[in-house]
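Step one of this worksheet: look at the structure below.
The values are calculated or read from the model by the stated rules, or taken from the named source; none is laboratory data. Remember, predicted model here, so these are calculated numbers, not experimental data. Here the Cβ is made from the backbone with ideal geometry for all residues, glycine too, and neighbour counts use every protein chain on show. Each accessible area value is taken on the protein alone, full model and side chains, heavy atoms only, with ligands, DNA and RNA left out. Shrake-Rupley method; radii C 1.70, N 1.55, O 1.52, S 1.80 Å.
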Amino acid sequence: MVGIVAGIGSLLFTAVATYYAAAVSKDQLDQSREDAIREERDQAARVAAWVETDRAGSMRVHLMNRSLDPVSAVALSFWVSFPDRLLSSRWVYVLYSQPVVSVGPCTELVFDQGSMEYVSWVDGFRSQKKVPSRGLYADVIRVEFMDRTGVKWVRDRKGLDRVTGSFGPVDRHGRALGLVEGRPTSKEASSCR
């Protein structure tokens, strides 16, 4: 009888120990998965784009890579809108989808409004114009890029997401397309790690 009780006690102890060992293993596996996801997103989380307007009304679009590795296949998409000079009741909307081969480690690129042009059609004639120097509204739509491991990412108004497949077109509305003439200015990012 004592042997049976000892055997049952031993089985119960083994069952409880096995249950807790499995629970600890599951927690460790969950933590490893979370760490892997965080590590995968680490570089992508350090890439950002924004619009800055100074007190004089001059607008610049910034693209920054605060990681210690370059990002490649970068495409920055942003809107610039301003009142039409000919028709004061109408606004001109220009989409800029600016390809950038790569952005180096700890680098910030600045696209100045003085380098932004757009194509206009007036009375059937095509002309290339500079965006006006005042009265601009600008907004970054998205920045697409590839990280050091070849993973494609997109940062937009919804946040940061991994992209499966190829990057798609941004302009689905047939609006004017802009281009930035020349190269953006490049400077060291203010904080990098």
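Values as computed for the structure displayed
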{"quantity": "Test: residue in segment 30-37 that is at pLDDT 75 or above, closer than 30 Å to Val103 by Cβ and open to solvent by less than 90 Å² (accessible area, probe 1.4 Å)", "calculated": "no"}
{"quantity": "Among residues of segment 88-102, those that are within 22 Å of the chain's Cα centre (by Cα) and open to solvent by less than 100 Å² (accessible area, probe 1.4 Å), counted", "calculated": "8"}
{"quantity": "Residue in segment 48-59 that is surrounded by 19 or more Cβ atoms within 10 Å (Cβ to Cβ) and under 12 Å from the mean Cα position of the chain (by Cα) present", "calculated": "yes"}
{"quantity": "Cβ-Cβ under 8 Å pairs, at least 6 apart or on other chains, segment 82-107 side free of Cβ contacts under 8 Å to residues at least 12 places away in the same chain, far side open to solvent by less than 50 Å² (accessible area, probe 1.4 Å)", "calculated": "Asp84/Val92; Arg90/Asp84; Trp91/Ser81; Trp91/Phe82; Trp91/Asp84"}
{"quantity": "Subset of segment 67-76 [open to solvent by less than 60 Å² (accessible area, probe 1.4 Å) and not in a strand (DSSP E or B)]", "calculated": "Ser67, Asp69"}
{"quantity": "Residue check for Trp79: modelled with pLDDT of 80 or more, hydrophobic (A, V, I, L, M, F, W, C), open to solvent by less than 60 Å² (accessible area, probe 1.4 Å) and closer than 16 Å to Arg155 by Cα", "calculated": "yes"}
{"quantity": "The lone exception for Phe145 - which of (1) surrounded by 15 or more Cβ atoms within 10 Å (Cβ to Cβ); (2) at positive phi it fails", "calculated": "(2)"}
{"quantity": "Members of segment 109-137 that are on the phi > 0 side of the Ramachandran plot and open to solvent by 60 Å² or more (accessible area, probe 1.4 Å)", "calculated": "Asp123, Gly124"}
